[in-house]
Structures are given as C-alpha cells and as structure tokens.
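**Q** One structure coming up, written as structure tokens, with questions to follow.
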Amino acid sequence: MQKPPILVRQRRTNPVVWCFAVACSLIATAVIIAGIVVFSGYLVIRPKMPLLSVRGSRLDNITYSKSGILAVKMTIAIRAENHNQKAHASFYDTKLLLGYHGVNIAKLVANPFEVRKNESAELNYVVESSRIPLTAEERYLTEQSLSKSKKVLFVLKGSSRTIWKVGPLGSMKFTLHMYCELVLPINGTVVPSHCSSKSHSH
C-alpha cells in the first residue's frame, strides 16, 4: 500500500529580498549605461593630456672666479600645450627649479593661466642667479666643463597642475612632472630641446 505523498509547504520569498534584487539590477544597469556613455564620449572626444615642454635654452653668460664663485644668466623657453580639440586646459601651481650639480640656483614660477583648445602658450624665462659658492668637487667639475667640453650641464625639474573638462567624462586633474637635463655651450648658442613633462593623476 503506497504512502500518501507528503506535501511540503513552500515558503514565500521575503519582500525585502525582492527589493534588494531589484535595486541591484537597477544599479548594475546604471553602471553599464554610464560605462557606455563614458566610452562613447572618449571615442568621440579622444582627450589628450596637456603638457609642458622645454623648447630651447641658452646660456647667456657664465662667470666663475678663482675663489669658486659661480654666477649664470640663462634664457629658457617653455611651452604649455593643449592638443584637445574640444576642451580648454588650466595650468596652476607651476614651480620649476633650475639646478647645477645638485645646487638649486633659480626658481621658475608662473601664475595660473589657461590654454585654449588645440593651442599653446609660451613661458619665456630669463634666469639670473646670485653668486653661488661651490664646493671643491663642484669647482673641479666646473673647471673641466669650462676648459675642455665648453659645455655646462643644468637640470630643470619641478611640476605643474592642470585641470580640464572633457564633456561626459567630467573634470580631469593631473600633476605634470618635469625633469630635463640641459647641456648648454658656453658660447651662447641656443640649444633646442624636446623634453616634456610626465603626468600623474590626482
């Protein structure tokens, strides 16, 4: 004789669970749509990173005394570039240091400025250092540069911040870092350069 089937009472899904599932679905859909919008905006606008670049530099004058005192005068041309077709770029906190064998001899700064879309701005600096006392090692290196190679090595380093708005992508902020070695002849010849900044988001 067969036993009667046992009826199992089905438990209904808690409404809270249903609400949670619906909310998750809506969030997932919104994320997908936002991703499509951002990706489409990127393909249409094709944003490019603004940058700083050293276009050229010249050692106008260098004075070195037997007591190991150095003084220099230089001209440095820097270009702020914005290759975006549809967005202006703002540059601020632009601070660069000019160094000579680890000694900072001048500071190059710029007030906040804007570069319109697909344009550039020139920053021309005439740098004149104070009289710098050199150590024994720095004296040796300086004397070798002046007497043999007839060229002097300087280092330009620092940073600038930039912000730009790119349609649906919103505002984008980056810090531009620059490190350039400038090898300049002592005869005042202009030396072109293509040293550019590297970017880091923040």
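The values are calculated or read from the model by the stated rules, or taken from the named source; none is laboratory data. Since the model is a prediction, treat every value here as computed from it, not as a measurement. Using ideal geometry, Cβ is built from the backbone for each residue, glycine included, and neighbour counts are taken over all protein chains shown. Just the protein is used for accessible areas: all its heavy atoms, side chains included, with ligands, DNA and RNA removed. Shrake-Rupley method; radii C 1.70, N 1.55, O 1.52, S 1.80 Å.
**Q** Taking region 45-81 as the search range and keeping residues that are part of a strand (DSSP E or B), over 21 Å from C195 (Cα atoms) and touching a Lys or Arg at 6+ places or on another chain (Cβ under 7 Å), which one is most open to solvent (accessible area, probe 1.4 Å)?
**A** N61
**Q** So, in region 171-188, how many residues would count as being touching a strand residue (DSSP E or B) at 6+ places or on another chain (Cβ under 8 Å) and assigned to a loop (DSSP other than H, G, I, E, B)?
**A** 2
**Q** Criterion first (within 28 Å of V72 (Cα to Cα), aliphatic (A, V, I, L, M) and touching a His at 6+ places or on another chain (Cβ under 9 Å)) does L96 satisfy it?
**A** Spelling it out, it is not the case that L96 is within 28 Å of V72 (Cα to Cα), aliphatic (A, V, I, L, M) and touching a His at 6+ places or on another chain (Cβ under 9 Å).
**Q** Sort out which residues of region 99-127 are in contact with a His (Cβ under 6 Å, 6 or more places away or on another chain) and of a type in the set (K, R), and write them in order of number.
**A** Passing the criteria: R116, K117.
**Q** Among (1) crowded, with 16+ Cβ neighbours inside 10 Å; (2) at pLDDT 95 or above, where does M172 come up short?
**A** Condition (2) is where M172 drops out.
**Q** Let me ask something additional. For region 82-96: of the residues being open to solvent by 10 Å² or more (accessible area, probe 1.4 Å) and not in a strand (DSSP E or B), which is nearest to L52 (Cα to Cα)?
**A** Ranking the candidates gives H83 first.
**Q** So, T135, is that one surrounded by 12 or more Cβ atoms within 10 Å (Cβ to Cβ), of a type outside the set (K, R) and touching a Leu at 6+ places or on another chain (Cβ under 9 Å) or not?
**A** Considered against the rule, which asks whether it is surrounded by 12 or more Cβ atoms within 10 Å (Cβ to Cβ), of a type outside the set (K, R) and touching a Leu at 6+ places or on another chain (Cβ under 9 Å), T135 comes out as no.
**Q** Within region 117-148, track down each residue that is of a type outside the set (D, E), in a strand (DSSP E or B) and more than 16 Å from L184 (Cα to Cα).
**A** S120, A121, L123, N124, I132, P133
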